[in-house]
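FYI, it's all coordinate maths here, none of it is from the lab. The shown structure was predicted, so the numbers you read here are calculated from the model rather than taken from an experiment. Every residue, glycine among them, receives a Cβ derived from its backbone with ideal geometry; neighbour counts consider all protein chains shown.
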Amino acid sequence: MKMSTKKLQWLMFGWFFLFPFLPVPGYWITIGNYIGLYSIVALGLVLLTGIGGLTSFGQAAFVGLGAYTTAYLSTALGWSPWVGLGAGLLVSGLAAALIGSVTVRLSGHFLPLATIAWGLSLYYLFGTIEFLGKYDGLSGIPALSLFGIDLSSPRVMYGVIWFCLGGCLMLVLNLLNSRPGRAIRALAKGKTMPEAMGIHTAQYKILIFVLAALMASLSGWLYAHLQRSVSATPFGLHMGIEYLFMAVVGGVGHVWGAILGAVVMTGLKSQLQDWLPLLLGSNGNFEIVVFGVMIVLLLLWSRDGLWPWVAGVWAKFHPPEPEVVAPAIAPEGYSDLPRRTRPQAGALILEVNEARKQFGGLVAVKDMAFEIRAGEVVGLIGPNGAGKSTMFNLVTGVLPATSGEIRFCGERIDQLDSRHIVRMGIGRSFQHVHLIPHLSVLENVAMGAHLRGRSSPLAAALRLDRHEEARLLFLAAEQIRRVGLEEHMHTPAGSLALGQQRILEIARALCTDPTLLLLDEPAAGLRLKEKEALADLIRQLKGEGMSVLLVEHDMDFVMGLTDRLVVMEFGSKIAEGLPAEIQNNEAVLAAYLGGVE
Amino acid sequence: MDFGIFAVLAQDGVTNGAVYALLAMALVLVFSVTRIIFLPQGEFIGFGALTVAALQSSQFPKLIWLLIGIGVLTFLVELGSALRQRRYKPLPRRLLMWSVIENLIYPQFIWLLAHSLDWQGMPMAVQILFTLAITVPLGIMIYRVAFQPMAEASVLVLLIVSVGVHFAMLGMGLFIFGPEGSTTHAFTEWSTALGEMPVSGQSVVVMAVAGSLIGLLYLFFDRTLYGKALRATAVNRKGAQLVGIGTSQAGRMAFGLAAGLGTLAGTLIAPLNTVGYDTGFVVALKGFVAAIVGGLASYPLAAAGALLVGLLESYSSYWASAYKEVIVFTLIIPVLAWRSLTSGHGDEE
């Protein structure tokens with residue numbers, strides 16, 4: 001029997017639904033309820049931390065917001081718990097949006113610290129506010145009921161909780177396997193690459209922050225109606241830390257790791273609470289000692305948690321199949337994808353006019369001027385430290401120019417950021433490849449197609465984006481075929497050779513439908529065969545009418561390939577002309593080989 | 001509010017601020033050298049204060065048991081890593097001998113010392129020094145056991161390890177010291193008045209100690225080669241290694257200093273506040289707020305942040321005492337908003 005890993009995962013999940021129908025003791029059901037509640041929060045953390053690269057210790061506070069909102073509305077005001085659910089989601093979502101917009105732009109370690117601080121501050125707030133019952137909390141919360149059916153028994157609540165978890169799981173999996181999902185995955189790689197693909201990184205960071213908060217809030221709502229009372233303690237910082245532990249233990253980069261982590265940690269905790277006092281006496285809090293030591297040992301052993309290990313064992317029996325597959329033939333509407341009109345061959349497309357970049361007293365690019373015409377392959381060369389990369393960063397919008405102007409197709413781009421520049425038709429590759437190593441070549445290339453689609457995260461989570469998704473994946477697959485990587489379509493990008501990874505980046509850039517392609521030292525570190533393959537690809541693209549700007553210091557590579565060369569030294573242009581002329585230019589020879597004394 | 005109350009609150013705020021400043025310094029130090037966000041700092045506050053209190057009431061300072069235990073563990077870890085490398089290089093005998101002295105003999109020596117002398121009658125300064133002789137090696141051993149094997153890991157992984165260590169130490173703290181807190185004797189009964197404002201000797205001692213330590217740290221990092229080497233480690237670990245800076249030693253040193261500063265902070269607050277095994281965490285977090293104001297990088301800014309936190313706490317305990325903690329910890333949001341607006345884009349690859 002052949003069973004895909006995916007099926008196995010859902011089968012495992014289905015087993016949890018059978019669980020309450022078995023004659024198990026009530027205590028097990030209680031544990032199962034908590035595992036479900038914790039899994040929902042941990043799932044949000046996987047999305048936020050493992051996939052998006054943002055860490056939060058404060059999820060317990062969002063759980064608290066959800067729980068207290070419904071508790072207050074259903075006890076003091078007597079409103080229906082279902083109103084409480086909506087209100088709780090609204091409150092948590094708004095709080096997360098506010099906190100997120102303040103902190104997501106900061107570099108990595110500020111966010112976790114900030115979450116510690118506001119986690120504490122909300123905890124103290126729950127404990128001090130009069131109408132939330134101070135540290136005693138609120139009690140007498142009604143049980144859930146749906147269409148007159150009472151949902152108060154723990155076994156029924158088990159079903160409700162795991163139904164919610166299953167729903168969240170499906171939405172998250174759908175979301176991750178889509179255009180917005182790829183944008184979220186790109187976030188973990190810093191800002192430069194996603195922005196160069198046209199991804200608004202700040203917006204997506206706030207999005208996952210809000211999503212994680214919403215899931216936490218949902219868990220809080222379920223908790224309040226399961227327990228029928230709330231108090232501040234379970235929403236404190238220690239619980240926030242435990243949620244993160246669960247995600248990390250299970251495997252913070254993997255959606256299923258959230259559930260595994262919640263199962264392991266909750267099971268272990270309840271066992272430790274039973275056994276440790278018997279072994280060591282009851283005058284210490286040994287379970288947190290064991291917890292702490294365990295997490296240190298686990299991270300020493302495997303920094304990625306337990307899930308990759310489980311998946312690895314499973315993969316030995318059932319080799320995984322590619323999860324994301326492009327349609328074999330052009331899907332409906334593919335030919336309607338908007339395409340840029342190509343400028344006429346020979347038309348002026350890039351114009352660099354007296355561009356200058358200063359870092360303090362250092363003039364990295366000094367009044368550079370050159371131009372590129374449609375259909376040309378131009379090489380920007382120069383010895384190390386000549387300012388080529390800075391020039392490249394000015395054109396691609398990674399750095400703003402200090403003075404001078406850069407025009408692309410007549411419009412000024414020297415003050416635009418890279419997200420807007422890629423929109424205008426400048427695609428780029430990176431000198432140090434920026435790929436998501438564990439994703440397939442296809443998924444990596446499809447990141448370049450971000451601007452070619454417009455489906456929203458909500459549509460993606462509900463699978464309303466499948467037509468567009470098929471078009472985007474087909475587009476990506478076409479580009480992979482165009483550059484000759486079709487054999488490796490489903491290989492993880494991280495396992496390709498460096499030369500192939502560079503070519504992958506070109507395919508990704510081609511997905512943006514560029515008029516001008518900028519390649520940053522594409523030949524650096526490549527072997528001879530790889531260089532030849534790359535040169536062939538660039539010739540082929542030129543044959544298709546693409547304009548290319550190559551930044552290189554490898555003279556041999558650019559000589560046979562380019563129409564024209566621009567030579568830089570110490571930030572200024574020292575020569576420009578046909579490759580053959582440049583080869584004999586004395587200034588260039590002096591720059592490369594040292595001057596004649 | 002008349003001037004008298006205003007002045008008393010200010011004095012209170014500055015005194016607490018000075019303690020937070022010490023903690024913020026230690027946090028900035030550890031983070032900038034090792035990229036570790038040192039959450040267990042709080043435990044050193046509690047452990048330090050409780051050990052001084054134990055010495056003053058002529059009880060045996062049980063923290064030494066922890067020192068002996070972790071010492072054995074550290075020795076085993078070092079022995080293990082030496083044995084694993086045996087294939088490539090000869091057994092580092094000298095290093096192992098030092099390890100025996102540092103991790104096995106030294107804790108026993110401290111144990112003997114604790115038993116053989118009458119600590120109750122000693123001056124408080126000596127008691128504090130003896131406490132430091134326990135906590136500083138403890139900090140170093142913790143670095144050696146938990147953090148050094150994964151010094152190259154990401155900030156997030158290190159942070160989670162840090163939480164793990166915090167949990168383990170907190171649990172051990174409850175076991176060692178029990179749930180009750182203690183206070184220590186006052187540093188001095190002396191007090192004076194500045195115009196209308198009464199000035200307590202306690203405040204003066206706290207401010208003087210904190211101020212001079214901050215000054216020393218500043219001099220150390222800005223004026224000495226070793227201090228600069230530590231900072232270089234923070235900027236680029238590999239680069240520092242290549243130019244011959246021992247990054248492991250730098251990490252141990254940072255942890256030793258941080259443990260010492262945490263202990264001092266604990267002993268500074270203990271005469272006025274009841275300190276339990278778990279008091280330190282929240283106090284240390286206020287140090288964090290201060291350190292974040294300084295961007296986890298700047299010592300003078302962190303000190304300024306600490307004063308701000310101290311004053312804010314002191315005045316809010318007058319105006320809205322129930323919301324004191326809420327106000328202090330919410331401070332971080334406008335601070336981060338301001339940093340986020342001024343810093344432009346923070347990108348880490």
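Among the residues of B:169-177, the average count of other protein chain beta-carbon atoms within 10 Å of the residue beta-carbon is 5. Each principal axis of the Cα atoms in the range A:114-173 has its own extent, and those three values, largest first, are 36, 34, 18 angstrom.
For the range A:497-559 and the range B:123-200, what is the separation of their Cα centres, given in Å? Each part reduced to its Cα centre gives a spacing of 57 Å. Distance from the alpha carbon centroid of the range A:441-479 to that of the range B:28-66 works out to 54 angstrom. The Stokes-Einstein estimate for the range A:28-103, based on a Kirkwood radius over Cα pairs and taken at 20 °C with 1.002 mPa s viscosity, is a diffusion coefficient of 157 µm²/s. In a simple Cβ point-charge model (Lys, Arg +1; Asp, Glu -1; nothing else charged), the range A:437-513 has a dipole of about 120 debye relative to its Cα centre.
Across the alpha-carbon atoms of the range A:468-509, the computed radius of gyration and Dmax are 10.1, 31 angstrom. Distance from the Cα centroid of the range A:121-190 to that of the range A:214-229 is 5 Å (rounded to whole angstrom). In chain B, the ratio of gyration radius to Kirkwood radius, Rg to Rh, stands at 0.98 when only Cα atoms are counted.
The coefficient of translational diffusion for the range A:350-404, derived via Stokes-Einstein from the alpha carbon Kirkwood radius under 20 °C and 1.002 mPa s, stands at 183 µm²/s. The local environment of A:Glu544, defined by Cβ-Cβ distances under 14 Å, has a net charge of +3 under the rule Lys, Arg +1 and Asp, Glu -1. By the rule of a C-alpha distance below 24 Å, with chain neighbours fewer than 8 residues away ignored, the lysines paired with A:Lys529 are A:Lys542. Shielding value for A:52-59 is 2, the average number of Cβ atoms from other chains within 10 Å of each residue's Cβ.
Given a cut-off of 48 Å, what percent of all Cα-Cα pairs of the protein assembly as shown lie beyond it?
Beyond 48 Å sits 33 percent of the P(r) for the protein assembly as shown.
Peptide B:330-336 shows a mean partner chain C-beta count of 6 within 10 Å per residue C-beta. A run of chain B free of exposed loop cleavage sites, with chymotrypsin sites (Phe, Trp or Tyr not before Pro) counted only in DSSP states other than H, G, I, E and B and at most 14 other beta carbons within 10 Å, reaches its longest extent at B:191-349. Here A:Lys366 is the anchor, and the aspartates and glutamates within straight C-alpha reach of less than 16 Å, apart from those fewer than 8 places off in the same chain, are A:Glu351, A:Glu354, A:Glu405, A:Asp414, A:Glu569, A:Glu576. Taking the average, over residues, of other Cβ atoms within 10 Å as the packing measure, peptides A:565-578, A:418-431, A:31-44 rank A:31-44, A:418-431, A:565-578 from highest down. Structural size metrics of the range A:437-513, computed from C-alpha coordinates, are Rg and Dmax of 12.5, 38 Å. Helices meeting the span-like rule in chain B (full DSSP H runs, Cα extent of at least 24 Å along the helix axis, mean Kyte-Doolittle score of -0.5 or higher): B:3-34, B:63-84, B:124-142, B:155-177, B:201-223, B:247-269, B:299-319.
The 3J(HN,Hα) values that the Karplus relation (6.51, -1.76, 1.60; θ = phi - 60°) gives for the range A:422-435 are, in residue order, 5, 4, 7, x, 10, x, 9, 10, 10, 5, 9, 4, 10, 10 Hz. Gly and Pro appear as x. Taking Cβ atoms as reference points and 9 Å as the exclusive limit, the residues near A:Pro579 contribute a net charge of -1, counting Lys and Arg as +1 and Asp and Glu as -1. Ordering B:Phe281, B:Thr188, B:Ala258 by Cα displacement along the dipole of chain B toward the positive end leaves B:Ala258 in first place; charges were set at the Cβ atoms of Lys, Arg (+1) and Asp, Glu (-1).
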